[in-house]
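**Q** To start, I am sharing the structure in question, which I have written as structure tokens.
The values are calculated or read from the model by the stated rules, or taken from the named source; none is laboratory data. Predicted, not measured: the structure shown is a model, and the values here were computed from it. Surface areas here come from the heavy atoms of the whole protein model, side chains and all, with no ligands, DNA or RNA. Shrake-Rupley method; radii C 1.70, N 1.55, O 1.52, S 1.80 Å.
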Amino acid sequence: MHNHESNPSIQKSKDELQKYWRSSNEMNTNPSNYLHGNKRSKYLVSLVKQYARPDASILELGCNVGRNLNHLWKEGFRNLSGVEVNPDALKLMKQNFQDMEAITYEGSIEDRIKELGEYDVVFTMAVLEHVHYDSEWVFSEIARKTKGHLITIEGEKKIASELHFPRNYKTIFEGLDLQQIYEKGLSQKEGLNTNFYARVFSGNRS
Ligand SMILES: C[S@@+](CC[C@H](N)C(=O)[O-])C[C@H]1O[C@@H](n2cnc3c(N)ncnc32)[C@H](O)[C@@H]1O
């Protein structure tokens, strides 16, 4: 789609990647790592609040243990859904956030995206950066599911590890007829590092 060439000596293959995220190993050993990270969740919530009312339907792709969703829940957002490929992460979500009612879809974005409906807000945080170049067809599906706004908070600049597939999401989603309306280079201030950009796009029906 965008003429990216993966580098097999550095980056995992598509199958290796999915196997990695599905299982609990290495860096992903303990999905409870993702319970922490309140600073970046707060930043996310501040963005969502600018573009969505509490009754908005919101989808997180790659929600892991649901830390971001729970921050939204605590701020009064009630129509929450998440897709996550790691089953242990979804179990931890149920255990840790028992009062949160979120619809969850276990499986990869690749396997689940087509069956999903449309949402007022779709967002990702450190997830699209792990989508293999061979899976880039999912971006047009993501654009299609975005009724209101798409928020991406993703590492874009460098191949930070064998799990990373950097790309510019402004180019990608503007090529799919979304309009970028906000961009910010991030840092520790938002609980992330300088590889990350936050972007907000308005959907075709916003
Ligand atoms: C770095 S973590 C970020 C988790 C969460 N968004 C956060 O901000 O804490 C990446 C998450 O995306 C999930 N993931 C990676 N590739 C995926 C894919 N193709 N489909 C669905 N989930 C995926 C992983 O299992 C993991 O939970």
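**Q** Within the P(r) computed for the chain, what percentage of the Cα pairs occupies the region above 22 Å?
**A** 45
**Q** Hey, can you grab everything whose amide H is under 5 Å from the amide H of residue 182? Only 5+ residues off in sequence or another chain; H modelled, so Pro and N-termini drop out.
**A** 200
**Q** Quick check: at a probe of 1.4 Å, how many percent of the accessible area of the chain sits on carbon and sulfur atoms?
**A** Here carbon and sulfur together make up 45 percent of the probe-accessible area.
**Q** Which whole-Hz couplings ³J(HN,Hα) result when phi for each residue of the range 83-94 is put into the Karplus expression 6.51 cos²θ - 1.76 cosθ + 1.60, θ = phi - 60°, listed in order with x for Gly and Pro?
**A** 10, 8, 7, 9, x, 5, 5, 5, 5, 4, 4, 4
**Q** Okay, moving on. Pop out the ³J(HN,Hα) list for the range 36-46 in order, Karplus 6.51 cos²θ - 1.76 cosθ + 1.60 with θ = phi - 60°, rounded to Hz; leave Gly and Pro as x.
**A** Values, residue by residue: 8, x, 5, 4, 6, 5, 5, 4, 4, 4, 4 Hz.
**Q** Okay, next question. Counting helices only, and only those DSSP H runs with n ≥ 4, report the 222 nm mean residue ellipticity of the chain as the sum of -39,500 (n - 2.57) divided by its residues, in deg cm²/dmol to the nearest 500.
**A** Roughly -8000 deg cm²/dmol at 222 nm, from the helical runs in the chain.
**Q** Please give the solvent-accessible surface of residue 103 in Å², to the nearest 10, using a probe radius of 1.4 Å with every protein chain present.
**A** 90
**Q** Which aspartates and glutamates, if any, have their Cα less than 14 Å from the Cα of residue 49, not counting same-chain residues under 8 positions apart?
**A** Answer for residue 49, where 14 Å is the Cα cut-off: 75, 120, listed by chain and number.
**Q** In this model, which of 91/170; 145/170; 42/74; 12/157; 39/145 are farther than 22 Å apart at the alpha-carbon?
**A** Details: 91/170 34 Å; 145/170 17 Å; 42/74 11 Å; 12/157 18 Å; 39/145 27 Å.
Violating the 22 Å Cα-Cα cut-off are 91/170; 39/145.
**Q** Would you mind checking which residues have amide H under 5 Å from residue 82's amide H? H placed 1.01 Å from N; only 5 or more apart, or other chain.
**A** Under 5 Å from the amide H of residue 82 lie the amide H atoms of 60, 103, 104, 105, each far enough along the sequence or on another chain.
**Q** Let me ask something else. Relative contact order, percent, of the chain when contacts are C-alpha pairs under 8 Å separated by at least 6 residues?
**A** Reported as a whole number, the value is 20 percent.
**Q** Using a 1.4 Å probe, what is the accessible area per residue for the range 14-202, in Å²? Each step should come with its number before you reach the end.
**A** Details: 8250 Å² over 189 residues.
Counting only protein heavy atoms, the per-residue value for the range 14-202 is 44 Å².
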